[in-house]
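Visitor: Here it is, the structure in full.
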Amino acid sequence: MELKKYIRTIKDFPEKGIEFKDISLLLANGIALNYTINEMALLAKDADIIVGPDARGFLFGTPVAATLKKPFIMVRKQGKLPGEVVSCDYGLEYGRNVLEIQKGIVQKGQKAVIIDDVLATGGTLEAIIKLLNSQGVEILRIIVLMELEGFNARERLDCDIKSLIYINKGE
Ligand code: AMP
């Protein structure tokens, strides 16, 4: 299935100079959504846990985890998770952020697959990898709906990366 046709580019959102990749049309098409989740689930079969960042990582990570009957672990922005947390600071394509997981939610020795919508600079995923590694979790692979070319994320992330869509600059 040609998933690219469900991705819209919105120029200068949320800030001038950013070409925002809008996934709304893909989510609004049940067949494209079902195809996306099934493709991701095929690539995540060997995971002990599925990990996804707030907020769009939840949209794909949770249904993949449910399909595979695996645990889903939330990575959220600072202050959103109750109880004790482990956190990591990171830089975005636009702005900075702090990500957290709940202390004790993952176990040492577990093998994780991380799922998100967009891979741009790789900063978000790099922070999540650090966070999980600090808890003794091994990263099997990263799965993203789309990878944006021109950010060299693959050089930054020493990890197996599977992307369902590749998007060239200006596309
Ligand atoms: P990065 O850390 O630079 O790889 O950015 C990845 C995160 O930021 C993802 O969780 C995306 O949701 C979001 N993101 C970054 N760049 C874009 C973009 N051009 N369009 C839509 N979302 C983006």
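Visitor: With label points built 7 Å along Cα→Cβ from the Cα atoms of LYS77 and ILE161, find their separation and express it in nm.
Guide: Simple spin-label model gives 2.4 nm for this pair.
Visitor: So, for the stretch 3-167, what is the accessible surface per residue at a probe of 1.4 Å, expressed in square angstrom?
Guide: 49 Å²
Visitor: Moving on. Collect residues whose amide H, placed 1.01 Å from N in the peptide plane, falls under 5 Å from the amide H of ILE161; neighbours closer than 5 in sequence don't count.
Guide: It is ILE142, by chain and number.
Visitor: Would you mind telling me the antiparallel percentage of the DSSP bridges in the stretch 1-115, rounded to 5?
Guide: If I count the DSSP bridges inside the stretch 1-115, around 65 percent turn out antiparallel.
Visitor: Then there's this: Once neighbouring chains are kept in place and the probe is 1.4 Å, which whole percent of the accessible area of the stretch 3-167 is contributed by carbon and sulfur?
Guide: Carbon and sulfur together cover 50 percent of it.
Visitor: While we're here: Which order, highest average first, do 39-49, 137-147 follow once you tally other Cβ atoms within 10 Å for each residue and take the mean per peptide?
Guide: Details: 39-49: 18.1, 137-147: 21.1.
Put in order of decreasing packing, that is 137-147, 39-49.
The values are calculated or read from the model by the stated rules, or taken from the named source; none is laboratory data. Computed from a prediction, not measured in an experiment: that's the story for all the values here. Cβ atoms come from the backbone with ideal geometry, glycine included; neighbour counts cover every protein chain shown. Accessible surface areas use protein heavy atoms only, side chains included; no ligands, DNA or RNA. Shrake-Rupley method; radii C 1.70, N 1.55, O 1.52, S 1.80 Å.
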